[in-house]
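Peer 1: Got a structure for you, questions after.
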Amino acid sequence: METVISAPPRVRTNEAGRAVGQRVRLCGWVHRLRQIGAINFLVLRDGFGLFQAVLTPEQLAPLAGCVEGSVVELTGVVTLEAQAPGGCELHDCQVRIITAVTEPPPFEINKKEVKATLSTFLDHGVVGLRHPNKWALFRLSAGIMAGFRATLTGLGFTEVQTPKLVASATESGANVFKVDYFGRAAYLAQSPQFYKQTMVGIFERVFEVGPVFRAEPHDTTRHINEYVSLDVEFGFIENHFDVMEMLAAVIQGILQHLTHAQAVELAQLRVKMPAFAAPDAISPLAAAGTGGIVAHIPWVYFPAAQEMIYQATGEDCRDEPDLAPAHERWLGQWALQTLGSDFLFVTGYPMGKRPFYTHPNLADPAFSNSFDLLFRGTELVTGGQRLHRYADYVAALAQHGISDLTAFEAYLEVFKYGMPPHGGFAIGLERFLMQLLGLDNIRLATLFPRDLGRLTP
């Protein structure tokens with residue numbers, strides 16, 4: 001009878017250090033190969049990390065003609081070695097080629113940093129994303145989503161998935177992608193706003209993680225045309241400050257999740273975790289009623305923010321309906337230097353700048369019960385309180401010049417049959433990651449960016 005010798009178990013690179021003295025099997029890509037002569041070093045990369053193997057010329061022979069990127073199986077003994085990365089390495093190796101690669105990659109991915117222009121990197125993203133720092137980056141992206149889900153689930157929210165093909169471009173007009181839907185026009189959803197409001201009438205507290213599409217002709221370092229939106233909507237609120245408090249809890253929950261679950265990636269990328277205002281911090285604007293602290297995040301009323309900018313810089317933006325990026329950066333620096341916070345809420349944007357469903361500030365009707373959250377001087381989140389009465393919606397649409405409600409019938413039906421005061425917000429995943437890591441372009445925080453000129457890879 002033929003004797004069958006079973007292969008040792010496959011272990012991941014991040015588990016191999018726990019198998020010292022054991023013969024194991026590693027599978028992955030040749031990340032780096034240093035051929036010195038009698039002793040050669042092969043660094044193997046799998047989906048979990050790197051591990052070094054020591055090979056004699058004879059053991060290296062199967063790799064003749066192959067370059068880095070080849071897929072291999074290594075069988076050997078895990079051996080302690082103080083000089084090796086991680087303190088151990090693979091000895092007494094056998095090498096089996098799984099997939100031979102003979103053509104060099106478009107740029108080296110086995111160096112500490114990728115030496116390629118942004119355009120070149122994005123053109124060859126299917127290869128460039130194999131760099132260890134890119135794994136770490138997108139594992140943090142996954143961690144943000146996981147922390148978002150875990151925090152909200154723990155607060156009694158239900159996750160929903162809403163349609164991305166919609167019948168009408170009702171939310172903000174022309175900035176939509178039109179598609180052919182079996183011979184009639186349809187549109188890619190700009191946000192799940194209408195649907196998540198609808199779901200408040202069912203579950204009361206809902207969230208969604210999904211793509212949104214914006215046909216905006218922006219060509220900036222912080223805009224892309226498809227991104228992942230982390231959306232939240234919930235009912236029975238008093239005003240937008242309840243929404244701000246919930247957002248603060250979600251942000252803090254995400255960061256706590258990353259700290260506990262992804263310390264390795266945070267350390268690898270040398271991430272500086274965000275700072276919050278001290279528990280006893282008092283905003284200089286609190287006494288005037290134009291600012292304060294919500295859950296360790298300072299806030300400032302929009303007109304007061306404009307006045308601060310004018311007094312500090314001489315730039316008069318007091319009649320503008322929005323903040324320019326330079327003004328957001330100034331406010332971010334002010335919050336950090338004055339209160340030690342990387343975050344700042346700006347509340348009460350003018351009603352004319354907000355969507356029709358935004359609830360006005362009843363004490364100051366030209367301004368809204370809405371907010372933006374700035375993270376290190378860049379807008380990260382938009383949110384606020386929504387209208388909840390049917391008659392108010394009809395009046396708001398009329399003020400926007402819309403008297404034919406046909407396109408809004410399904411949405412407005414929700415409010416005919418009873419909705420509580422509610423509100424919500426949306427976090428842009430890629431922008432959050434960009435600001436967390438201090439990247440200078442949102443495309444570096446996006447797996448395969450879609451912008452004005454890019455539809456591939």
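Peer 1: Between 0 and 90 degrees, rounded to the nearest ten: what's the tilt of helix 302-313 against the longest Cα principal axis of the chain?
Peer 2: Helix 302-313 and the main axis of the chain meet at about 70 degrees.
Peer 1: OK, next. Using only alpha carbon pairs under 8 Å that are at least six residues apart, calculate the relative contact order of the chain and give it in whole percent.
Peer 2: On the way: 865 pairs, mean separation 59.4, N = 457.
Here the relative contact order equals 13 percent.
Peer 1: Could you give the C-alpha radius of gyration of the chain expressed as a fraction of 2.2 N^0.38 Å, taking N as the number of residues it contains? Working shown, then result.
Peer 2: Numbers: Rg = 26.8 Å, N = 457, 2.2 N^0.38 = 22.6 Å.
The value comes to 1.19.
Peer 1: Quick one: net charge of Lys196's neighbours, Cβ under 9 Å, K/R +1, D/E -1? Numbers along the way, then the final one.
Peer 2: On the way: positive: none; negative: Glu208, Asp231, Glu233.
Residues near Lys196 contribute -3 overall.
Peer 1: Now for a separate question. Please say if region 191-307 is rounded, prolate or oblate, where rounded means a/c under 1.5 for a ≥ b ≥ c the square roots of the C-alpha gyration tensor eigenvalues, and otherwise the choice is prolate for a/b larger than b/c and oblate otherwise? Can you show the working numbers first?
Peer 2: Working: a/c = 1.38, a/b = 1.10, b/c = 1.25.
Rounded, since a/c falls under 1.5.
Peer 1: Under a point spin-label approximation (7 Å from Cα along Cα-to-Cβ), what is the Ala185-Lys115 distance to one decimal in nm?
Peer 2: About 5.2 nm separates the two model spin labels.
Peer 1: Shifting gears a bit: Could you pull out every residue, at least 5 positions away or on a different chain, whose amide H is within less than 5 Å of the one on Gly423? Hs are placed 1.01 Å off N in the peptide plane, and Pro or chain starts have none.
Peer 2: The list, which skips near neighbours in sequence, is Phe234, Arg386.
Peer 1: Need one number: nm distance between label points at Phe448 and Asn239, each 7 Å from Cα along Cα→Cβ, rounded to one decimal.
Peer 2: 4.7
Peer 1: Sticking with this one: Given a 1.4 Å probe, how much area per residue of the chain is accessible, in Å²?
Peer 2: Working: 21970 Å² over 457 residues.
For the chain, the per-residue accessible area is 48 Å².
Peer 1: Stretched out fully, how many nm does the piece from Ala82 to Ala278 gain, at 0.36 nm a residue minus the Cα gap?
Peer 2: Numbers: separation 196, 0.36 × 196 = 70.56 nm, distance 4.28 nm.
Length gained between Ala82 and Ala278: 66.3 nm.
Peer 1: How large is the Kirkwood hydrodynamic radius of region 300-382, in angstrom, based on all distinct alpha carbon pairs?
Peer 2: Working: mean 1/r = 0.0778 Å⁻¹.
Averaging 1/r across every pair of different Cα atoms and inverting gives 12.8 Å.
Peer 1: Moving to a separate point now. Using 0.36 nm per residue, how much length does the chain from Gln35 to Ala267 gain when fully extended, once their Cα-Cα distance is taken away? Could the numbers behind the result be given before it?
Peer 2: Working: separation 232, 0.36 × 232 = 83.52 nm, distance 3.02 nm.
Taking Gln35 through Ala267 to full extension adds about 80.5 nm, to one decimal.
Peer 1: Can you give me the % of accessible surface on the chain that is carbon or sulfur? Probe 1.4 Å, all protein chains present, nothing else counted. Walk me through the numbers on the way to the answer.
Peer 2: Working: 11990 of 21970 Å².
Carbon and sulfur together cover 55 percent of it.
Peer 1: Can you run the Rg to Rh ratio on region 20-123? Use alpha carbon positions and the Kirkwood inverse-distance Rh.
Peer 2: Values: Rg = 14.2 Å, Rh = 14.4 Å.
Value, to two decimals: 0.99.
Peer 1: Here is a further query. What value, in deg cm²/dmol to 500, does the helix sum -39500 (n - 2.57) over DSSP H runs of n ≥ 4 give at 222 nm once divided by the residues of the chain?
Peer 2: Result for the chain, helices only: -8500 deg cm²/dmol.
Peer 1: Looking at Gly348, His257, Val126, which one has the Cα that reaches farthest to the positive end of the dipole of the chain (charges on Cβ: Lys, Arg +1; Asp, Glu -1)?
Peer 2: Highest projection toward the positive end goes to Val126.
Peer 1: Follow-up question, since we're still on this one. Within the set of other residues whose C-beta is less than 9 Å from the C-beta of Arg10, count the net charge using Lys and Arg as +1 and Asp and Glu as -1.
Peer 2: Values: positive: Arg12, Arg25; negative: Glu73.
Net of charged neighbours comes to +1.
Peer 1: If you add up the charges near Gly428, with Lys and Arg at +1 and Asp and Glu at -1, over every other residue whose beta carbon is less than 15 angstrom from its beta carbon, what do you get?
Peer 2: Working: positive: Arg214, Arg222, Arg376, Arg431, Arg443, Arg450; negative: Glu208, Glu216, Glu226, Asp231, Glu328, Asp372, Glu379, Glu430, Asp451.
Once positives and negatives cancel, what remains is -3.
Peer 1: Compute the angle between helix 193-203 and the longest alpha-carbon principal axis of the chain, please, reported from 0 to 90 degrees and rounded to the nearest 10.
Peer 2: 90
Peer 1: Something else about it: Hey, can you grab everything whose amide H is under 5 Å from the amide H of Gly210? Only 5+ residues off in sequence or another chain; H modelled, so Pro and N-termini drop out.
Peer 2: Ser229, Asp231
Peer 1: If you count, for each residue, the other Cβ atoms within 10 Å and average over each peptide, how do 151-161, 248-258, 86-96 line up from highest to lowest? Don't skip to the end; give the middle numbers.
Peer 2: Values: 151-161: 15.5, 248-258: 19.2, 86-96: 17.1.
Going by the mean number of other Cβ atoms within 10 Å, highest first, we get 248-258, 86-96, 151-161.
Peer 1: Hey, what did region 39-135 get for relative contact order, percent, Cα under 8 Å, at least 6 apart? It would help to have the intermediate numbers written out before the result.
Peer 2: Numbers: 139 pairs, mean separation 22.3, N = 97.
In percent, rounded to a whole number, it is 23.
Peer 1: Given Cβ point charges of +1 (Lys, Arg) and -1 (Asp, Glu) and nothing else, what value in debye, to the nearest 20, does the dipole of the chain about its Cα centre take?
Peer 2: Details: 37 positive and 46 negative charges, 250 e Å.
It comes to approximately 1200 debye.
Peer 1: Next question, about the same structure. Quickly rank 70-77, 102-109, 189-196, 403-410 as a protection proxy: mean count of other C-beta atoms within 10 Å, highest first. Could you put the intermediate results ahead of the total?
Peer 2: Numbers: 70-77: 18.9, 102-109: 13.6, 189-196: 22.1, 403-410: 10.8.
Going from most to least packed, we get 189-196, 70-77, 102-109, 403-410.
Peer 1: Between Ala395 and Val126, what is the spin-label point distance in nm, taking each point 7 Å from the Cα along the Cα→C-beta axis?
Peer 2: That separation, rounded to one decimal, is 5.7 nm.
Peer 1: Roughly what % antiparallel, to the nearest 5, for the DSSP beta bridges in the chain?
Peer 2: Details: 75 of 82 bridges.
DSSP beta bridges in the chain are roughly 90 percent antiparallel.
Peer 1: Using only the alpha-carbon atoms of region 372-428 as identical scatterers, what base-10 log of I(q)/I(0) does the Debye formula give at q = 0.28 Å⁻¹?
Peer 2: With one equal scatterer per Cα and no solvent, log10 I(q)/I(0) is -1.08.
The values are calculated or read from the model by the stated rules, or taken from the named source; none is laboratory data. These figures come from a predicted structure and were not determined experimentally. Note: ideal-geometry Cβ built from the backbone for every residue, glycine included; neighbour counts use all protein chains shown. Each accessible area value is taken on the protein alone, full model and side chains, heavy atoms only, with ligands, DNA and RNA left out. Shrake-Rupley method; radii C 1.70, N 1.55, O 1.52, S 1.80 Å.
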